[in-house]
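Step one of this worksheet: look at the structure below.
Here, each number is a calculation from the coordinates, and none is a lab measurement. Please read all numbers here as calculations on a predicted model, not as lab measurements. Positions of Cβ are generated from backbone atoms using ideal geometry, with glycine treated the same way; all protein chains shown enter the neighbour counts.
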Amino acid sequence: MSETLRVFTELTTLPEEAAAFIRSGGIVAFPTETVYGLGSDAFDERAVAKIFEAKMRPPDNPLIAHVGAVEQIGDLVSEMTGAARLLLETFAPGPLTVVLKKSRRVPAIATAGLDTVGVRVPSNPTANEFLKACGAPVFAPSANISGRPSPTTWQAVFEDLDGRIDCILKGETAEIGLESTVVDCTADPPVVLRPGGVSIETLRAVIPEIEVYVPDMPGAPRSPGLRHIHYAPKAFVEIVERYPADVADAAFIGISRLDAEPAKALVCDSVEEYAHRVFAFFRECDRDGIKKIYCERVPETGIGVALMDRLRRAASR
Ligand code: TXA
Ligand code: MG
């Protein structure tokens, strides 16, 4: 890991204290309902650059802007579309990111040179209080070292970023546990670029013609971040129907009862609980030195679509 930055990381439970670091050009990890984010003042180019450095994030992967209230989106975008307005009316605050044409105030570094910007309004009350206290929109990717599983607890943020960021705003475990749904609203009909906390079915109840991005879709510029390895533990991940009976030294996460005895197992009561706990489980497996994690396949409906997307990415390295 690069040791170019070594700063003292403040831990706090007070949104106002964390926001003071943003207002003075610092970078702060904060809880949201999806995963923890690592934020800076959206209009401070130098502060945004610190995010890329701290996370070791490739510069071609754009960041999502977070705001405390829908009205603030006007400062970030140059054009609001009817579809985006409708989606925001229905799903904001919540785990949805809309991609729109960016305003000139948004620094190019934050959007990786794209002329669009992703924007979301988190529903987590601590996030909301923090964002309102920041006084400006906040660019924030997930608060992990690039490529690692997204952090769903402040302890996971600490594990990756202690000494590399100014402050961690300690909150609850992220309620959903997977990232927001990213919808490109510059396209007509809009296109889901990344499945997430708002399900495709729920989106289609509002805009029935919404499409879902598939990698070789013709003429698609789409989401640069989707090219990168994501969410991967050090252990190898394999998606299975059930845990193999003859393997004793691996880990299992899923929803079916087991008839084998893995070295480590997490049997969840629902797909929602599986989604909520999977990233923390990956991190635990790494700490325990587990070499292989078997993940049970789930039906691709509801949050199951986002969960299978993350499992496939974790398995494809
Ligand atoms: O739930 C979330 O979205 C979390 C929390 C912290 O809000 N954030 C998050 O950020 O997952 P990150 O940086 O890990 O993922 C952002 C995703 C990437 O896949 C990126 O390519 C896509 O959003 N994205 C951002 N801006 C975009 C744009 N202008 N056009 C297309 N895709 C964009
Ligand atoms: Mg991320």
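Computed quantities for the displayed model
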{"read-out": "Residues of region 175-194 classified as within 16 Å of ligand 2 (Cβ to nearest atom) and part of a strand (DSSP E or B), total", "value": "4"}
{"read-out": "Single unsatisfied condition, LEU96 versus (1) over 30 Å from GLU16 (Cβ atoms); (2) in contact (Cβ under 8 Å) with a residue 40 or more places away in the chain", "value": "(1)"}
{"read-out": "Of all residues making up region 124-147, the number that are within 11 Å of ligand 1 (Cβ to nearest atom) and not hydrophobic (A, V, I, L, M, F, W, C)", "value": "6"}
{"read-out": "Condition met for ILE168 (assigned to a strand (DSSP E or B) and at negative phi)", "value": "yes"}
{"read-out": "Residue match in region 32-49 (condition: assigned to a strand (DSSP E or B) and among the β-branched types (Val, Ile, Thr))", "value": "no"}
{"read-out": "Search result, residues across region 39-62 that are hydrophobic (A, V, I, L, M, F, W, C) and either free of Cβ contacts under 8 Å to residues at least 24 places away in the same chain or within 22 Å of GLY74 (Cα to Cα) (or both)", "value": "ALA42, PHE43, ALA47, VAL48"}
{"read-out": "Contacts under 6 angstrom Cβ, first residue in region 67-86 being in contact (Cβ under 8 Å) with a residue 60 or more places away in the chain, partner surrounded by 20 or more Cβ atoms within 10 Å (Cβ to Cβ) and small (Gly, Ala, Ser), 6 or more apart", "value": "LEU76/ALA65"}
{"read-out": "Residue count, region 35-72 (criterion: away from ligand 2 (no atom under 16 Å from the Cβ) and more than 16 Å from the chain's Cα centre (by Cα))", "value": "14"}
{"read-out": "Of the criteria (1) within 16 Å of ligand 1 (Cβ to nearest atom); (2) within 20 Å of ASP160 (Cα to Cα), which one THR13 fails", "value": "(1)"}
{"read-out": "Residue that is surrounded by the fewest Cβ atoms within 10 Å (Cβ to Cβ) [pool: residues in region 147-199 that are closer than 25 Å to LYS102 by Cα and of a type in the set (Val, Ile, Thr)]", "value": "THR186"}
